[in-house]
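The values are calculated or read from the model by the stated rules, or taken from the named source; none is laboratory data. Because the structure is a prediction, the values reported are computed rather than measured. Cβ placement follows ideal geometry from the backbone for every residue including glycine, while neighbour counts extend to all protein chains displayed.
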Amino acid sequence: MGFERIDDLLNGVTADGTLHGVAATVVGRDGVLYQGAAGDAKPDTMFRNASMTKTVATTAALQLVEQGRIELDAPVASIVPEFGELQVLDGFEGGEPVLREPTTPATVRQLMTHTAGCSYHFLNAKLFTYCTELGFPNPLEGIKRSLSAPLVHDPGTLWEYGVNTDWLGMVVEAVSGQTLADYLAEHIYAPLHMTDSTFTPSDEQRTRLLPIRFRAPDGRLVATELDLPAESEWDAAGHGSYGTITDYGRFVRAWLNGGELEGARILKEETVELALRDHLDGAPLPKKMEPTIPELANPVELLDVPQGWGLGFHLYLADLPGMRSAGSADWSGLFNSFFWIDRKAGIGAVIATQLLPFFDDKMVQTILGFEAAVYAELGTS
């Protein structure tokens, strides 16, 4: 298969200055169908995975669920007691935060589905006010105390994107007795031969790290000092890993194959099937996310089609014509990297740049063109 349309797309958006660098891979159950890069990106370029870390960390937790060492509906505080100290932020009175105990304890499953009540300061106005007014750190600063910001909802009531997976990483650490970095290295990265995946890039890997660019209001790409900290006080399961599209493509292939890749099994087939079902249990997804910090993210409006959330993945519950199938899983990273897993079609893909703010319109158009080209080339549209 030639995939010339994808080559033309990637070369076009970098040649005209729309993106400074972009890399993509398409994988099937039996191997890599396409891999390409353009502009400042190369096939071995390192990327900040950002929130694409979440699905890998959730896979680690699912391994421990399989082993009977974690129960999905166990209270988080029964494993990580510090979580039990979190209160719900109801609002402010006289400039002071109004805090109360949550009505129910959050569970491990709710951490996986982003219904535990946690948020991010850059996505929730109430939490943004709390962090800025009280000088409370945010997770992107690498300060672990940032995870102890209050909940913004009672657990189980709403889907709210936030530091849920960071707490899930601490669940993995508490149960396994390993740091998250060590656990992933031993139980996911090594079996899947994800040789460039890490929380602490080497000097050599940093030479391959694509610089971040910022989309200025006039559309130009300019340098920015916004970045993840060189050092973090914890292995951030929500955003802290780095790697290549080759590595992430291998992770996607393992999920396509029901938890196995080239003889290495990281999950049972039934666990994969469980994870890729909707687990929201009535908690609604928002129609739109309105960020509080426009330098980090643009507004994100969901397509008006049935959607859900599995254990670690966003799900489309209906076919998208000419694109992915119903039941497909996906997610993305802050610096405009994206992946999807379509088990029905036997196709997965990763496309990445390093650009702020998130949900850049030009990158979104590139992704849509990429996905349409993938399915057109494979004749499944």
Exercise for review: Only residues that are part of a loop (DSSP other than H, G, I, E, B), out of contact with any helix residue (DSSP H, G or I) (no Cβ under 7 Å at 6 or more places or on another chain) and either surrounded by fewer than 17 Cβ atoms within 10 Å (Cβ to Cβ) or aromatic (Phe, Trp, Tyr) (or both): list them for segment 266-276, please.
Suggested key: none
Exercise for review: Of the conditions (1) touching an Asp or Glu at 6+ places or on another chain (Cβ under 7 Å); (2) closer than 30 Å to Thr129 by Cβ, His20 clears all except one; give me its number.
Suggested key: (2)
Point to revise | In segment 308-336, the residues that are farther than 15 Å from Asn298 by Cβ and among the polar types (S, T, N, Q) | key: Ser325, Ser328
Check your understanding: Taking the stated definitions as given, is Ala373 small (Gly, Ala, Ser), within 20 Å of the chain's Cα centre (by Cα), within 17 Å of Val22 (Cα to Cα) and not in a loop (DSSP other than H, G, I, E, B)?
Key -> no
Exercise for review: Kindly check whether there is at least one residue in segment 242-250 that is surrounded by fewer than 21 Cβ atoms within 10 Å (Cβ to Cβ), touching a residue at least 60 places away in the same chain (Cβ under 8 Å), not β-branched (Val, Ile, Thr) and not in a loop (DSSP other than H, G, I, E, B).
Suggested key: no
Review point. Would it be correct to say that Ser197 is in contact with a Phe, Trp or Tyr (Cβ under 6 Å, 6 or more places away or on another chain) and within 29 Å of Gly28 (Cβ to Cβ)?
Key: yes
Study note, to complete from the structure: Given (1) of a type outside the set (Lys, Arg); (2) more than 14 Å from the chain's Cα centre (by Cα); (3) within 19 Å of Thr14 (Cβ to Cβ), Phe335 misses just (2)
**Study point:** Subset of segment 41-88 that is small (Gly, Ala, Ser) and not in a loop (DSSP other than H, G, I, E, B) - its residue that is farthest from Leu184 (Cα to Cα)
**Key:** Gly84
Check your understanding: So Gly282 clears everything in (1) in contact with a helix residue (DSSP H, G or I) (Cβ under 6 Å, 6 or more places away or on another chain); (2) at positive phi except one condition, right? Which one?
Key -> (1)
**Study point:** Where a residue in segment 344-363 is farther than 11 Å from Val22 by Cβ and surrounded by fewer than 24 Cβ atoms within 10 Å (Cβ to Cβ) and its partner, wherever it lies, is modelled with pLDDT under 95 and of a type in the set (Ser, Thr, Tyr), with Cβ under 9 Å and at least six apart
**Key:** Ala345/Thr380; Gly346/Thr380
Check your understanding: Can you tell me which residues in segment 78-116 are farther than 17 Å from Cys131 by Cβ, of a type in the set (S, T, N, Q) and within 26 Å of the chain's Cα centre (by Cα)?
Key -> Ser78, Thr107, Gln110, Thr113, Thr115
Check your understanding: Say we look at segment 228-237 and pick out the residues that are out of contact with any Asp or Glu (no Cβ under 7 Å at 6 or more places or on another chain) and surrounded by fewer than 17 Cβ atoms within 10 Å (Cβ to Cβ); which of these is nearest to Leu147 (Cα to Cα)?
Key -> Glu233
